[in-house]
Structure formats: C-alpha cells, structure tokens
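The values are calculated or read from the model by the stated rules, or taken from the named source; none is laboratory data. If you're wondering where the values come from, they're calculated on a predicted model, not measured in any experiment. Counting neighbours? That spans all protein chains shown, and the Cβs are built from the backbone with ideal geometry, glycine included.
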C-alpha cells in the first residue's frame, strides 16, 4: 500500500463473511508450514463471527486489505483476530488496526486490550510487543505449540477518540 492510498474502515456485515474467510486464509497460510497445521483463525465460522463479534474491514483504494475482529468484554477489549493480506503485510496495517482497537476500547471506557497468539508467530509477537503489549502467560496448546496470552493497559478516558 502506498502512502497515497485512500483507506477506509467499515464494519463487516453478513454478506462479507466469505470475503473475511478468504482474507484470513490468505493471511494465515504462511504459518501452516511453521506450525504444521492450520492456525485456528483459518477454521473459524465467519458467518457466526460476523454476527457475534465486531469485525472491521480495512479497505485501501476500494480493495479489502486487512481486518480486525474484536469482542467487547466487561473489563477489556479482546482482539480475536488481525489479518492482513500477504501483499500488504509489512506496511503498517497491523499497527493501524491495533491503534483502531485501542480507540474503540477507549470509546467504550475499557482500559485494557487482550489477545493471544502462537509462540511460533515471532513476527506477530515482535509487533505486539513493539506497540506496548506484554506477555501475561504462556500455556501449551492441545494441538501442539504454545499459546501466548498478551495484554496492554490503555487510557480509557480519551474523549478525543472517534471510531
């Protein structure tokens, strides 16, 4: 994505479920050879997720290039999934969506973001740590590997945030 690209974010609707599934499968395909299986987001029911979670779609010049899926809990905003199309990875879109999630959390007076990832996804761990996430704990994953639980405390009273 070039600096001149026009970007916009909109909430996914039921008719977007297949596009969400396609983008997630493309984004996570790189991890299959590393962990020896499909990561859990590749197996999710996106018809259900679009209904039950908040999935925001990021478009660049009219093309879907990334998304973030969040769940609002009573004490934190849980980031269920971030996916960036392979050809747009490394251009700051993940950071942009994490910032979007932080603003979303602040707008509903939540002071904490949480997520989990696979320990083998080293690039993702570096990204999350670079924007202020800390490892809370790790535990073995039944399908093999290690799950890393991370969180970030944010200011929940930023009245200048807009979503």
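State yes or no: is residue 103 surrounded by fewer than 17 Cβ atoms within 10 Å (Cβ to Cβ), in a helix (DSSP H, G or I), in contact (Cβ under 8 Å) with a residue 24 or more places away in the chain and over 13 Å from the mean Cα position of the chain (by Cα)? Yes; evaluated as a whole, the condition is true for this residue.
Does residue 144 count as in contact (Cβ under 8 Å) with a residue 60 or more places away in the chain, surrounded by fewer than 18 Cβ atoms within 10 Å (Cβ to Cβ) and more than 25 Å from residue 8 (Cβ to Cβ)?
On the way: in contact (Cβ under 8 Å) with a residue 60 or more places away in the chain: yes; surrounded by fewer than 18 Cβ atoms within 10 Å (Cβ to Cβ): yes; more than 25 Å from residue 8 (Cβ to Cβ): yes.
Against the criterion (in contact (Cβ under 8 Å) with a residue 60 or more places away in the chain, surrounded by fewer than 18 Cβ atoms within 10 Å (Cβ to Cβ) and more than 25 Å from residue 8 (Cβ to Cβ)), residue 144 qualifies.
For segment 1-25, filtering for residues that are out of contact with any strand residue (DSSP E or B) (no Cβ under 8 Å at 6 or more places or on another chain) and surrounded by 13 or more Cβ atoms within 10 Å (Cβ to Cβ) leaves 4. Do the conditions hold for residue 125, that is, is it under 26 Å from residue 154 (Cα atoms) and surrounded by fewer than 19 Cβ atoms within 10 Å (Cβ to Cβ)? Considered against the rule, which asks whether it is under 26 Å from residue 154 (Cα atoms) and surrounded by fewer than 19 Cβ atoms within 10 Å (Cβ to Cβ), residue 125 comes out as yes. Filtered by the rule that a residue be under 21 Å from residue 98 (Cβ atoms) and surrounded by 15 or more Cβ atoms within 10 Å (Cβ to Cβ), segment 26-41 gives 26, 27, 28, 31, 39, 40, 41.
Among the conditions (1) farther than 26 Å from residue 146 by Cβ; (2) surrounded by fewer than 13 Cβ atoms within 10 Å (Cβ to Cβ); (3) in contact with a strand residue (DSSP E or B) (Cβ under 7 Å, 6 or more places away or on another chain), residue 62 misses just one, which is (3).
Within segment 38-92, track down each residue that is touching a helix residue (DSSP H, G or I) at 6+ places or on another chain (Cβ under 8 Å), assigned to a helix (DSSP H, G or I) and without any contact (Cβ under 8 Å) to a residue 24 or more places away in the chain. 42 - this is the single residue of segment 38-92 that is touching a helix residue (DSSP H, G or I) at 6+ places or on another chain (Cβ under 8 Å), assigned to a helix (DSSP H, G or I) and without any contact (Cβ under 8 Å) to a residue 24 or more places away in the chain. Each residue in segment 28-52 was checked for being at pLDDT 95 or above and either at positive phi or under 12 Å from the mean Cα position of the chain (by Cα) (or both), and 2 of them qualify.
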